[in-house]
Amino acid sequence: MRKIFIAGNWKMNNGLDATKTLLEALKPLVADIKNVDIAVAPTYTSLAVAGELLKNSNIALSAQNISWADSGAFTGEIPAAMLKEAGCTHAIIGHSERRAMFGETNESVAKRCRKALDVDLTPIVCIGESLEEREAGKTMNVVLSQLTESLASVKANEADRVVIAYEPVWAIGTGKTASPEQAQEVHAAIRAKLGELFGTDVAEKMRIQYGGSVKPTNAKELLSQKDIDGALVGGASLKADSFKGIIDAAVEVSA
Ligand code: PGA
């Protein structure tokens, strides 16, 4: 019922030339795929070029963040209107790297998420526990309070437009993936909480991506889990063939 959504988070990689090369390689590889949603999130300076290249394609364009403000004295921030002008339809919000290194909080995530919904961009809201929190048995508490607070500005009648990305911090860029069972356990808890917040019908429609060292070799098992509806892919999205390998796994699971 929920269409699998695979998004590539390029992080701080790929300048203009590399963006063109990667997208020109990726586009024909995925051109015929209809039963999986696909997006890429290049750096800000590559968005406009990517937007041109992806026009009329089945690859959506995402920003890696979005300002909560429309214009003015917000040095270093990019507003929704400019993202849309560049061709964005999605924005990643509250990635753990932004939370850990750049002071992003649940409160700022909620403001950014509100703005994305107001301008009809799809927010991909990221949550996830650290290794320390997992080892202390705090995973569910941490993840569910991040979820609740990060979605504080979302109303029930619009919640199905939000995508959640569960990314255990200890699995990001480390080669350590949560086992499918570990991931499913948290995804199920997230969906139950979404049900409390927005109603079970809405929660059933919401997509919850898994992120953290997703690769072509582990994607199928992860995506086969009942409450895992996609992947937010870092490292493996930087090469057309490995990103395509993950999309292929999604196509297989969707069939
Ligand atoms: P990774 O990153 O796939 O390189 O672990 C995932 C992410 O941070 O979104």
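Quick test of your reading of the structure: residue 50 fulfils all but one of (1) touching a residue at least 60 places away in the same chain (Cβ under 8 Å); (2) more than 23 Å from residue 229 (Cβ to Cβ); (3) open to solvent by less than 10 Å² (accessible area, probe 1.4 Å). Name the failing condition by number.
So the condition that residue 50 fails would be (1).
Residue 183 - would you say it is within 11 Å of the ligand (Cβ to nearest atom) and at pLDDT 95 or above?
no
Testing residue 110 on (1) assigned to a helix (DSSP H, G or I); (2) over 19 Å from residue 167 (Cβ atoms), one condition comes back false. Which one is that?
Residue 110 satisfies all of (1) assigned to a helix (DSSP H, G or I); (2) over 19 Å from residue 167 (Cβ atoms) except (2).
Exactly one condition in (1) farther than 23 Å from residue 117 by Cα; (2) open to solvent by 30 Å² or more (accessible area, probe 1.4 Å) is false for residue 22; which is it?
(2)
Regarding residue 176, is this residue at pLDDT below 95 and charged (D, E, K, R)?
Criteria met by residue 176.
Just one of the numbered conditions (1) of a type in the set (Val, Ile, Thr); (2) in a loop (DSSP other than H, G, I, E, B); (3) at pLDDT 95 or above; (4) surrounded by fewer than 24 Cβ atoms within 10 Å (Cβ to Cβ) is not true of residue 190; which one?
Result: residue 190 fails condition (2) only.
All but one of (1) out of contact with any Cys (no Cβ under 9 Å at 6 or more places or on another chain); (2) under 28 Å from residue 215 (Cβ atoms); (3) buried (at least 18 other Cβ atoms within 10 Å of the Cβ); (4) among the hydrophobic types (A, V, I, L, M, F, W, C) hold for residue 165, so report the exception by its number.
For residue 165, the exception is condition (1).
For residues that are in contact (Cβ under 8 Å) with a residue 60 or more places away in the chain and on the phi < 0 side of the Ramachandran plot, scanning just segment 219-235, find the one that is surrounded by the fewest Cβ atoms within 10 Å (Cβ to Cβ).
It comes out as 235.
Of all residues in segment 30-68, which are in a loop (DSSP other than H, G, I, E, B) and among the polar types (S, T, N, Q)?
Residues satisfying the conditions are 35, 43, 56, 57, 58, 64, 65, 67.
From the list 205, 115, 155, 111, which residue is under 30 Å from residue 81 (Cβ atoms) and in contact (Cβ under 8 Å) with a residue 60 or more places away in the chain?
205 is the lone residue from the list that is under 30 Å from residue 81 (Cβ atoms) and in contact (Cβ under 8 Å) with a residue 60 or more places away in the chain.
I'm trying to understand the selection: among the residues of segment 29-47, which are closer than 24 Å to residue 76 by Cβ and open to solvent by less than 50 Å² (accessible area, probe 1.4 Å)?
Within segment 29-47, 39, 40, 41, 42, 43, 46, 47 qualify.
Return only the number of the condition from (1) within 16 Å of the ligand (Cβ to nearest atom); (2) open to solvent by less than 60 Å² (accessible area, probe 1.4 Å); (3) out of contact with any Leu (no Cβ under 6 Å at 6 or more places or on another chain) that residue 153 does not satisfy.
The one condition residue 153 does not meet is (1).
Taking segment 111-139 as the region of interest, how many residues are among the small types (Gly, Ala, Ser) and surrounded by fewer than 20 Cβ atoms within 10 Å (Cβ to Cβ)?
Going through segment 111-139 one residue at a time, the tally reaches 3.
For segment 64-110, how many residues meet the condition of being within 14 Å of the ligand (Cβ to nearest atom) and either among the β-branched types (Val, Ile, Thr) or open to solvent by less than 40 Å² (accessible area, probe 1.4 Å) (or both)?
Result for segment 64-110: 9.
Out of all the residues in segment 115-138, which are assigned to a helix (DSSP H, G or I) and in contact with a Phe, Trp or Tyr (Cβ under 7 Å, 6 or more places away or on another chain)?
Listed by number, the residues that qualify are 115, 131, 134.
The values are calculated or read from the model by the stated rules, or taken from the named source; none is laboratory data. Just so it is clear, the model here is predicted, and its values are computed rather than measured. So basically every Cβ, Gly included, is an ideal-geometry build from the backbone, and we count neighbours across all protein chains shown. Side chains included, ligands, DNA and RNA excluded: accessible areas come from the protein's heavy atoms. Shrake-Rupley method; radii C 1.70, N 1.55, O 1.52, S 1.80 Å.
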